[in-house]
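Report on one structure; see the data block that follows.
The values are calculated or read from the model by the stated rules, or taken from the named source; none is laboratory data. Fair warning: this is a prediction, and the values are worked out from it, not measured in the lab. With ideal geometry, Cβ positions are generated from the backbone for all residues, glycine too; neighbour counts draw on all protein chains shown. Please note that ligands, DNA and RNA were not included when accessible areas were found on the heavy atoms of the full protein model with its side chains. Shrake-Rupley method; radii C 1.70, N 1.55, O 1.52, S 1.80 Å.
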Amino acid sequence: MKIKKAIIPAAGLGTRVLPASKSVPKEMLNIVDKPAIQYLVEEAAASGIEDILVITNRGKGLIEDHFDHSFELEANLAGNPSKAKLYESVKECADLANIYFIRQKETKGLAHAILAGRSFIGDDPFVVLYGDDVIINNENPVTKQMIELYEKYEKGIVGVEAVPEELIHLYCSLGLTDIPGEDKLWKCWQINEKPKPEEVLSLYAILGRVVLPANAMDMIAEGIAKTPADKEFYLTDVFTDMGKAGNLLAYAYDGRHYDMGNKMGIMKANCEVALDHPEIGEDFKAYLKELVKTF
């Protein structure tokens, strides 16, 4: 079955990037000239996704406004031939895909946020693009890479990257088994969330993208129902259950990953994207060369 739906959880509080996220959603913080979440929507659309559900919460109406038409602005730009490119970029932003919004009324973690999209997903497989994770590959979008693997193997796919050993405790650690003929794809049989040293299975962690069958929603709902109200049910528990049943693969995707939930990730994203930017790339490179001489 072709995957045409995606969920972008964007309900986090953004505490790691305060005070910038106090009044501006962290998903709306810019990477050069576009907010971070636009990179996710563009990636999904370039991968064949037609319907995107963004999970937000209170105070994030700016995200919805960004993907709507701004008729006054568009009319102003359309009337000025020198701003034709700006006009197209502003107009196209609202036409990338069918974009829907729903609020997660309580902050109860990633699994709870995704479950808010249960009626949107219905009986279809779907992609989750984590709201903090911008992954850039303009030639072959990561979501497209993973959809192709799902269609080939008909199993859930988690996108992974290698994490430094001293940082693995901040993420999750995956138990992996080689697949003959594949060098970036593994069977995944266990996931340990925020592992202690003795719980580290590998230095691969899930970062930013997953492709799931529709029944993952039922698994999330069952897990949340069994979890005490004062505890969080982790999405990785669903992945582990899928892995134990032989229904989960881990894929080391091809793309540049930026964690937009922390300050260093934001700075790396802006620097590296600026260096590749067609308008400012060469000037910015020259600026950096001169700047480093002063430090």
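Numbers for the structure displayed
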| quantity | calculated |
| --- | --- |
| At R0 = 25 Å, FRET efficiency that the Cβ-Cβ distance of Glu290 and Ser82 yields, to 0.05 | 0.25 |
| Per-q log10 I(q)/I(0), segment 59-218, q = 0.10, 0.13 Å⁻¹ (Debye; single scatterer per alpha-carbon; no solvent) | -0.53, -0.82 |
| Taking all pairs of distinct alpha-carbon atoms in segment 224-274, Kirkwood radius in angstrom | 14.4 Å |
| Theoretical gain in end-to-end length, Asp276 to Glu198 [0.36 nm per residue, Cα-Cα removed] | 24.0 nm |
| Highest-fluctuation residue, Ile157, Ile266, Ile37 considered, GNM on the chain with Cα pairs under 10 Å | Ile266 |
| Three principal axis lengths of the chain [C-alpha, angstrom, descending] | 59, 48, 41 |
| Solvent-accessible area per residue for segment 100-187 (1.4 angstrom probe, square angstrom) | 50 Å² |
| Dipole magnitude of segment 58-181, debye to nearest 20 (Cβ charges: Lys/Arg +1, Asp/Glu -1, about Cα centre) | 400 debye |
| DSSP loop GluC sites (Glu not before Pro) with at most 11 other Cβ within 10 Å excluded, longest remaining stretch of the chain | 155-278 |
| Only Lys, Arg (+1) and Asp, Glu (-1) charged, at Cβ; segment 156-291 dipole about Cα centre in debye | 180 debye |
| Carbon and sulfur %, accessible surface of the chain computed with the full protein complex present, 1.4 Å | 53 percent |
| Sparsely packed trypsin sites (Lys or Arg not before Pro) within segment 220-282, loop by DSSP, other Cβ within 10 Å at most 15 | Lys231 |
| Bins of 10 Å, starting at 0 and running to the largest distance - Cα pair percent for segment 159-295 | 11, 30, 29, 17, 10, 3 |
| Assigned charges on the beta-carbon of Lys, Arg, Asp, Glu; the chain dipole about Cα centre (debye) | 640 debye |
| List Phe101, Phe126, Phe71, ordered by accessible area with a 1.4 Å probe, largest first | Phe71, Phe101, Phe126 |
